[in-house]
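Below: one structure, written as structure tokens.
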Amino acid sequence: MQVSWFIDKIANEFNGSEAMLFSDCCYSGGMVELARACTDTRVSFGALSTTGCCNLGYSGWRFLDVLARAWAGDVAMDFDETGTISFIELCFFAERYMAFVAEGKPLYASTKSFNEDLILAKTDRPAKDGIGMFVEAREGKSWYKAEVIDAKENGSNDPEEFLVHFTDKSRYAKQAWVAVDDIREYDFQEYEVGTRVEIRNADGQWLPGKVIDTFEHMHECSYDGKSAAYNEWMSPSRIRPQQ
């Protein structure tokens, strides 16, 4: 492995007892697998990658944005509502967020005595119903994928407007307040495990395969005639019913 040297370097020369590793590139899950296998050392690892060890990455800096938000204490990551963001909460959020915005499946692991509840930051603001939802938001006559990042409540403490951050790459810098009626669930076609499908590979070709696992709106698929090393997590735009 070309990146094994820095895992060995940390394992043998790092003076601390715990190390966090983050990787944002194609096949970045290989770093997580290397860390997971590094058990014969006093150093414990917590590792998170933007995609799996056999998958291309389509992050477009959005994985780094997730990391920055964690250390800034983004309340959207506070799943246990303790007012803090932990390493494992960052991993849970990255998994859901990257599947939604970048059509990838992050990989994470911890080894030995690494503390997954390690606190990264205190939350930056009070929690509100709706913050952290992944939806489609209407702007004009069109609907776009978006994340809810704030809410305005009425006198009964019910949300009446949401501040959304549009997540498609071409609109990633745009935010807008929208009415409750202008958001809806993200609609996509779901396939059961075992379904025969066609998969669009990195070259744009549609090839036959099969669904072997699901997560959020992602489907892990195997290609006919190829080994498990070629298995990929597919976004809705890269999978269709077999013709």
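Here are a few things to note about the model shown:
- Flag for Glu95 being within 30 Å of Glu18 (Cβ to Cβ), in contact (Cβ under 8 Å) with a residue 40 or more places away in the chain and either in contact with a Leu (Cβ under 8 Å, 6 or more places away or on another chain) or not in a strand (DSSP E or B) (or both): yes
- Some residue of the stretch 104-111 being buried (at least 21 other Cβ atoms within 10 Å of the Cβ), more than 19 Å from Ala35 (Cα to Cα) and among the hydrophobic types (A, V, I, L, M, F, W, C): no
- Residues in the stretch 201-213 that are modelled with pLDDT under 90 and either touching a strand residue (DSSP E or B) at 6+ places or on another chain (Cβ under 9 Å) or of a type in the set (Gly, Ala, Ser) (or both): Asn201, Ala202, Gly204.
- Candidates in the stretch 38-70 are the residues that are among the hydroxyl-bearing types (Ser, Thr, Tyr) and under 12 Å from Cys25 (Cβ atoms); of these, the one that is modelled with the highest pLDDT is Ser49.
- Total residues in the stretch 9-33, condition out of contact with any strand residue (DSSP E or B) (no Cβ under 6 Å at 6 or more places or on another chain), among the acidic types (Asp, Glu) and under 26 Å from Lys105 (Cα atoms): 2
- Among the candidates Ala109, Ala146, residue that is small (Gly, Ala, Ser) and free of Cβ contacts under 8 Å to residues at least 40 places away in the same chain: Ala146
- Some residue of the stretch 120-130 being within 22 Å of Glu220 (Cβ to Cβ) and surrounded by 17 or more Cβ atoms within 10 Å (Cβ to Cβ): no
A quick yes/no check of all residues on (1) among the hydroxyl-bearing types (Ser, Thr, Tyr); (2) touching a helix residue (DSSP H, G or I) at 6+ places or on another chain (Cβ under 9 Å); (3) more than 23 Å from Glu147 (Cβ to Cβ); (4) in contact (Cβ under 8 Å) with a residue 24 or more places away in the chain:
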{"position": "Ile7", "(1), (2), (3), (4)": "no, yes, yes, yes"}
{"position": "Asn15", "(1), (2), (3), (4)": "no, no, yes, no"}
{"position": "Glu18", "(1), (2), (3), (4)": "no, no, yes, yes"}
{"position": "Met31", "(1), (2), (3), (4)": "no, yes, yes, yes"}
{"position": "Ala35", "(1), (2), (3), (4)": "no, yes, yes, yes"}
{"position": "Ala47", "(1), (2), (3), (4)": "no, yes, yes, yes"}
{"position": "Thr50", "(1), (2), (3), (4)": "yes, yes, no, yes"}
{"position": "Tyr58", "(1), (2), (3), (4)": "yes, yes, no, yes"}
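- Unique residue being in contact with a Leu (Cβ under 8 Å, 6 or more places away or on another chain) and outside the structural domain of Gln175 (by TED's automatic domain parsing) when the list is Val66, Val75, Val101: Val66
- The set of residues from the stretch 175-197 being part of a strand (DSSP E or B) and either modelled with pLDDT under 95 or more than 12 Å from Arg238 (Cβ to Cβ) (or both) comprises Gln175, Ala176, Trp177, Val178, Ala179, Ile183, Arg184, Glu185, Arg196.
- Per the listing Val43, Val135, the residue uniquely surrounded by 19 or more Cβ atoms within 10 Å (Cβ to Cβ), touching a strand residue (DSSP E or B) at 6+ places or on another chain (Cβ under 7 Å), under 16 Å from Thr167 (Cα atoms) and not small (Gly, Ala, Ser) is Val135.
- Qualifying residue in the stretch 165-174 (condition: surrounded by 10 or more Cβ atoms within 10 Å (Cβ to Cβ), touching a strand residue (DSSP E or B) at 6+ places or on another chain (Cβ under 9 Å) and assigned to a strand (DSSP E or B)): yes
- Selection of the stretch 62-105 for residues being farther than 25 Å from Ser237 by Cβ, out of contact with any Asp or Glu (no Cβ under 9 Å at 6 or more places or on another chain) and of a type in the set (Asp, Glu) yields only Glu81.
The values are calculated or read from the model by the stated rules, or taken from the named source; none is laboratory data. This structure is a prediction, so every number in the text was calculated from the model and none was measured. FYI the Cβ positions are ideal-geometry reconstructions off the backbone, even for glycines, and counts take in every protein chain you see.
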